[in-house]
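The values are calculated or read from the model by the stated rules, or taken from the named source; none is laboratory data. Bear in mind the structure is a predicted one, so any value in this text is a computation, not a measurement. Backbone-built Cβ (ideal geometry, glycine too); neighbour counts: all protein chains shown.
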Amino acid sequence: MNVKACLCVLLILLPPALRAQGYADLGGPAEGYAIPQSGYQFEFPRDHGPHPEFRIEWWYLTANLTGEDRRDYGIQWTLFRSALKPTETEGWQSPQLWLGHAAVTTPETHYFAERLSRGGIGQAGVSAEPFEAWIDEWSMRGPDPSALTLTASGPEFAYNLSLNAQGPIVFHGDAGYSVKSADGQASYYYSQPFYTVEGVLQLPDGDVKVTGQGWLDREWSSQPLAEDQSGWDWFSLSFDDGDKLMAFRLRGGRGDFTAATWITPDGTASPLPDGSATFIPLDTERVAGRDVPVHWRVTLPDRDLDVEVSAITPNAWMATRFEYWEGPVKVTGSHTGRGYLEMTGY
């Protein structure tokens, strides 16, 4: 990484006030930035690319994989964009900050790495057509997001994976307008949850050929959380019968706010409002000096869903500049399957 760029990013990202709020001060003021509005008409390939008039944005891919050794693995690849101001300028004056996270989770261990970049110098960014998201040597690229090559590496891992979508893009909330609080904070949010994945993981004990399923989340906003919301629990679950579920709980001082999307095998999405899903922690694990719920009961009465969601590797802690838990899970109960769980604010 360019040393000057690294120092700029560190000076901006590391003040205690920002660190306390999390990524890009998600509950803070959004004066001057664009605000998501109901009725937005998505346009592709344009909306696969960046939206610099909004303050925060991410391209977030997870995959549940099975190795040729018949063991379960998980991978994460994420690129975050955060703007310091709503007016774009070129070169070193660009207000865009880029943050990349990559991880591999094995049944015993969680490996992760992080990249930082200042915008405007070509070191990180996203282009819509052909599609490419990159930071340093990490990349997610293809003619469009329906067919991607994914690469990343860290001190103890690397991966090179091919992803091919077997179903349509899915919009969450009201046609992609995803409300996040009773006060009306919202984001634009869509997913591609139908990837088949194959490739190779490079691990300390050797290379492992893997196959599996992937899920890409795309989201952007300027103030996606209310001021009193301290964190979230987010689930992306793929069931053995072909149905899928995206569900989240945002924890706040005035109570939890929840939402979910039920996705059928043909990609039909049914949004489910606040209160439709319940999330009950069943067991915690001491991880990174804090108690983290790694075993959950999730219920969705409208779909006769009553499942337990358990971490494959409880220590899947992302000890990055803004810390969180992210890892693969297995699903048992009324439905069986696997998926991913992300938890922040613990």
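Every listed requirement among (1) outside any strand (DSSP E or B); (2) buried (at least 17 other Cβ atoms within 10 Å of the Cβ); (3) in contact (Cβ under 8 Å) with a residue 60 or more places away in the chain is met by residue 159 save one, (1).
Is there a residue in the stretch 52-73 that is part of a loop (DSSP other than H, G, I, E, B), buried (at least 18 other Cβ atoms within 10 Å of the Cβ), small (Gly, Ala, Ser) and at pLDDT 95 or above? No, that holds for no residue. Of 206, 167, all but one fail to be farther than 30 Å from residue 275 by Cα and at pLDDT 95 or above; the exception is 206. Among the residues in the stretch 273-292, are any within 29 Å of residue 184 (Cα to Cα) and of a type in the set (Ser, Thr, Tyr)? Within the stretch 273-292, one or more residues are within 29 Å of residue 184 (Cα to Cα) and of a type in the set (Ser, Thr, Tyr).
Entry remark, the stretch 140-156: residues being assigned to a strand (DSSP E or B) and surrounded by 22 or more Cβ atoms within 10 Å (Cβ to Cβ) number 4 in total.
Of the strands (runs of 3 or more DSSP E) lying entirely inside the stretch 293-346, those containing at least 3 residues that are farther than 23 Å from residue 211 by Cβ are 305-311, 324-333.
Could you list, in sequence order, the residues of the stretch 82-110 that are in a loop (DSSP other than H, G, I, E, B), closer than 22 Å to residue 205 by Cα and either in contact with an Asp or Glu (Cβ under 7 Å, 6 or more places away or on another chain) or hydrophobic (A, V, I, L, M, F, W, C) (or both)? Of everything in the stretch 82-110, just one residue is in a loop (DSSP other than H, G, I, E, B), closer than 22 Å to residue 205 by Cα and either in contact with an Asp or Glu (Cβ under 7 Å, 6 or more places away or on another chain) or hydrophobic (A, V, I, L, M, F, W, C) (or both), namely 107.
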